[in-house]
Structures are given as C-alpha cells and as structure tokens.
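Heads up: the structure comes next, in structure tokens.
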Amino acid sequence: MQPDPTNLGIQQSMSRLKRVISTDNACKVYNNLANLPRARFAGHILTLPCIIHHVQVVKRRQTSMNHHTYDVHAVGLRPVRIITREELKVAMGPSRLPYTLIRPWDGKLLDYSEADDAIAGYKALVKLEQPFIALMLLQLPEGGYKRICASHLIVALADGPASIVNSEITALDIVE
C-alpha cells in the first residue's frame, strides 16, 4: 500500500517546521487560533476572527481612470499588488498607515481530533504557510475597520514560519 501523498507532504512540512519552530510556539499558535470566537454579524458590524498584518508601505504603481495599482508591504507577508478603485494613502516611511491586511480565520482548518496540541499546532502552521486570499481594511478613527474593495483577489503569502508565529491573532469589528 502506497502512502497518501497529501499526508506525506504534511509530515515532511511538519518535520521541517519542527527544526525552526519550538513546540511551545506551535502550541501557542494552535491555542490562540482555537480560542478565537466564531464570526458573527450583529447591528451592521461583522466580528471577524483573523490574523492581522499591519501595512507598512503603500507604493503607487499605476493609475488609470477607474483603477489604482499599488504595491503593499505588510508585516509578516511577502509584498502584494493591489488594484482598487479607491485611492490609498501612499507612504514608505515610519509613519503609521491606517491599513491592515488580514487573513480571515475559519476554525474548521484546525485539527481538533488531534490530542497533542504541539502536533495540531505544527499542522496549523503547515496550513498557514499556504497562500491565502487576504482582505484589506482601513482602520476608522472612531474605532472598527472598513473593508477596502479590491478589483482583483489579494493573494498573500506569509514571509516564513517565524512571521506566522509572531502574527497577531484576534477578532476585528468590520463596519458596513
């Protein structure tokens, strides 16, 4: 009987991660994700569990009549290109930008059947290393966030295992 190639790939990725991420950190990631609330919508506010990546650089690439193209650099992610109808504040210095890229979290991605939190944590890290569809949010002065609509999907990728471990895991309120 041949081994399941999907399971073999996960095992190889877990072995690689065990060499660079401590068991404590793998458990921390798992527990932080497992303790997130479920997404809920109440009173025109969506509370969305997610992994946050604060935007540090927004660089305009191109502008046409209907679209603006930007290169965006966020903490813990490889640079992404965003195309939107909205004009973004451009900055490349230490000034705090009001934008955040998030990875919406779905609790179904965790292996709750795994008795060992460390193994479950490493399995979660393997999944978190995969490209994902990000949302870009604008932090509002009065609190909460507003989604910035992109003309194309924002495909993001973590900058490496350490950046995943150091990511902020929380739930944000997104207003309509």
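The values are calculated or read from the model by the stated rules, or taken from the named source; none is laboratory data. None of these values were measured; they are calculated from a predicted model. FYI the Cβ positions are ideal-geometry reconstructions off the backbone, even for glycines, and counts take in every protein chain you see. For accessibility, only protein heavy atoms count, side chains too; no ligands or nucleic acids. Shrake-Rupley method; radii C 1.70, N 1.55, O 1.52, S 1.80 Å.
Taking the Cα centre of the chain as origin, sum charge times position over the Cβ atoms of Lys and Arg (+1) and Asp and Glu (-1), and report the length of that vector in debye to the nearest 20. Don't jump to the answer; show the numbers that get you there.
Details: 20 positive and 16 negative charges, 109 e Å.
With Lys and Arg at +1 and Asp and Glu at -1, about 520 debye.
Please list, by residue number, every one of the trypsin sites (Lys or Arg not before Pro) in the range 64-95 that is coil in DSSP and has at most 12 other beta-carbon atoms within 10 Å.
Answer in residue order: ARG85, LYS89.
Taking only protein heavy atoms and a 1.4 Å probe, what accessible area per residue, in Å², does the range 57-176 have with all protein chains in place? Please list the in-between numbers first.
Details: 6470 Å² over 120 residues.
Heavy-atom accessible area per residue stands at 54 Å².
What is the dipole size for the range 111-176, taken about its Cα centre, with +1 at each Lys and Arg Cβ and -1 at each Asp and Glu Cβ, in debye to the nearest 20? Working shown, then result.
On the way: 4 positive and 10 negative charges, 61 e Å.
About 300 debye.
From the convex hull of the Cα coordinates of the range 24-153, what is the mean projected area in square nanometres?
Values: hull surface 38.1 nm².
If you wrap the Cα atoms of the range 24-153 in a convex hull and average its projections, you get 9.5 nm².
Quick check: at a probe of 1.4 Å, how many percent of the accessible area of the range 5-135 sits on carbon and sulfur atoms?
Details: 3890 of 7440 Å².
Carbon-and-sulfur percentage of accessible area, whole number: 52.
In percent, what relative contact order does the chain have, based on Cα pairs under 8 Å that are 6 or more apart in sequence?
Working: 348 pairs, mean separation 52.5, N = 176.
Averaging sequence separation for qualifying contacts and normalising by length gives 30 percent for the chain.
Give LYS18/LYS108; LYS28/LYS127; LYS108/LYS146 a once-over and call out the pairs whose C-alpha atoms are over 19 Å from each other. Walk me through the numbers on the way to the answer.
On the way: LYS18/LYS108 23 Å; LYS28/LYS127 15 Å; LYS108/LYS146 25 Å.
LYS18/LYS108; LYS108/LYS146, as the Cα separations exceed 19 Å there.
Roughly how tilted is helix 23-34, in degrees to the nearest 10 and between 0 and 90, from the longest Cα axis of the chain?
Roughly 60 degrees, rounded to the nearest 10.
Step by step: find N for the range 36-82, compute 2.2 N^0.38 Å, then divide the Cα radius of gyration by it. What's the final number?
Working: Rg = 15.2 Å, N = 47, 2.2 N^0.38 = 9.5 Å.
Against the empirical 2.2 N^0.38 Å value, I get 1.60 for the range 36-82.
Over 18 Å, how big is the tail of the calculated P(r) for the range 125-176, in percent of all Cα pairs?
Working: 601 of 1326 pairs.
In whole percent, the long-distance tail amounts to 45.
Among SER167, SER15, ALA150, whose Cα lies farthest out toward the positive end of the dipole of the chain, if unit charges sit on the beta carbon of Lys, Arg (+1) and Asp, Glu (-1)?
Comparing the listed Cα positions along the dipole, ALA150 ranks first.
If you fit an axis through the alpha-carbon atoms of helix 117-128 and take the longest principal axis of the Cα set of the chain, what angle between them do you get, 0 to 90°, nearest 10?
The answer is roughly 40 degrees.
Relative to the longest principal axis of the chain, what angle (0 to 90°, nearest 10) does the C-alpha long axis of helix 5-20 take?
80 degrees
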